[in-house]
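Everything below concerns the one structure shown next.
The values are calculated or read from the model by the stated rules, or taken from the named source; none is laboratory data. Only a predicted model underlies this, so the values are computations on that prediction, with no experimental measurement involved. Heads up, the Cβs are rebuilt from the backbone with ideal geometry, glycines too, and the neighbour counts pull from every protein chain shown.
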């Protein structure tokens, strides 16, 4: 099965636990697309960093738009206001991580200027 | 990101921010966040009667964040006569004029008037959504864009959101068939309702707009409006296609 990997940045005034973020995305998928849509997403949480508030999610490539829309529609995590931004999408985990690294380097370069 | 979008065209504009201008901190935060999310220009909705000092203050906030301020006014006339009166008074004061259509007569008048840039409809009242094929034909002729605010999609839940999505799906299809430009904007009143243009492009999947179409709604279409209006508001503009290229006594030599 072809898959897509999505890097997500979470913004919240409160610390966000891995489980809470994953639940928020699932809830958003269920709200927007129902159980049938959720069953097509093949969603999985690959990586989560509480320090950087970044996560990597995996989904079926056919459900990329569905999962992307659901991630963006997240407005709260555990009753606290939170926003999830999609940083990157990629077909392989390796290329996603490579792109994330190069983006981070470019950001550092820009801030140094 | 999907490949039907050329990144080199990048000039992202969110033409509808609705900060409370009384609360300077909130307005500043909204503008700062817009810059952080990668926008190049923001359209701030000002009240009909606004002092120049207030516009200058917001322009300064935008300048410190590296953003281009586009002045905007939102009209909600209750009849076509009021709309025409407002357009006469305000067209030369603001760079973008948007009309929130609350009646069919106003919607038709706004769609055929070239002084109007964007028409939009209430998000929560389905009886007041008048964007049909006749409206689209008029809008296409007068180069009026169809405006969609994205924040109601984040704020509304359940039945209201599904009904809004249903209308938006029909309306964007009509707009595309009639070649009416679609302008997407946040319509945000607070920073937590702001998203990146790419995020909104994912969200627009909910009403059937493809990634490229959504990005044009944040980039090409707003830019066309702003450039066109800035040319018209420039002191060198005389009439459509006629501009002053040189002033002074020696202009006949040029």
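Condition check ((1) within 20 Å of residue B:157 (Cβ to Cβ); (2) over 10 Å from the mean Cα position of the chain (by Cα); (3) surrounded by 14 or more Cβ atoms within 10 Å (Cβ to Cβ)) across all residues:
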position	(1), (2), (3)
A:9	no, no, yes
A:24	yes, yes, yes
A:34	yes, yes, no
A:42	no, yes, yes
A:60	no, yes, yes
A:66	yes, yes, yes
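Every residue in segment A:39-51 that is out of contact with any strand residue (DSSP E or B) (no Cβ under 8 Å at 6 or more places or on another chain) and either in contact (Cβ under 8 Å) with a residue 60 or more places away in the chain or within 25 Å of residue A:12 (Cα to Cα) (or both), please. Those that are out of contact with any strand residue (DSSP E or B) (no Cβ under 8 Å at 6 or more places or on another chain) and either in contact (Cβ under 8 Å) with a residue 60 or more places away in the chain or within 25 Å of residue A:12 (Cα to Cα) (or both): A:50, A:51.
Does residue B:2 meet the test of being touching a helix residue (DSSP H, G or I) at 6+ places or on another chain (Cβ under 7 Å), within 14 Å of chain A (Cβ to nearest Cβ) and at pLDDT below 95? Criteria met by residue B:2. Using the structure shown, decide if residue B:148 is away from every other protein chain (no Cβ under 14 Å) and in contact with a helix residue (DSSP H, G or I) (Cβ under 6 Å, 6 or more places away or on another chain). It is false that residue B:148 is away from every other protein chain (no Cβ under 14 Å) and in contact with a helix residue (DSSP H, G or I) (Cβ under 6 Å, 6 or more places away or on another chain). Summed over segment A:52-63, the residues that are closer than 21 Å to residue B:37 by Cβ and either in contact with a strand residue (DSSP E or B) (Cβ under 7 Å, 6 or more places away or on another chain) or modelled with pLDDT of 95 or more (or both) give a count of 5. Strands (runs of 3 or more DSSP E) fully within segment A:1-112 that include at least 3 residues being within 12 Å of another protein chain (Cβ to nearest Cβ): A:3-12, A:80-90. Being touching a helix residue (DSSP H, G or I) at 6+ places or on another chain (Cβ under 6 Å) and closer than 23 Å to residue B:197 by Cα holds for only one residue in A:7, A:24, and it is A:7.
Restricting attention to segment B:194-209, the residues being part of a loop (DSSP other than H, G, I, E, B) and either without any contact (Cβ under 8 Å) to a residue 12 or more places away in the chain or out of contact with any strand residue (DSSP E or B) (no Cβ under 6 Å at 6 or more places or on another chain) (or both) number 3. Would you mind stating whether residue B:166 is surrounded by fewer than 20 Cβ atoms within 10 Å (Cβ to Cβ), free of Cβ contacts under 8 Å to residues at least 24 places away in the same chain and either away from chain A (no Cβ under 14 Å) or over 21 Å from residue B:18 (Cα atoms) (or both)? Yes; evaluated as a whole, the condition is true for this residue.
Of all residues in segment B:176-193, those satisfying the criterion of being more than 14 Å from every other protein chain (Cβ to nearest Cβ), touching a helix residue (DSSP H, G or I) at 6+ places or on another chain (Cβ under 6 Å) and touching a residue at least 40 places away in the same chain (Cβ under 8 Å) are B:178, B:180, B:181, B:183, B:187.
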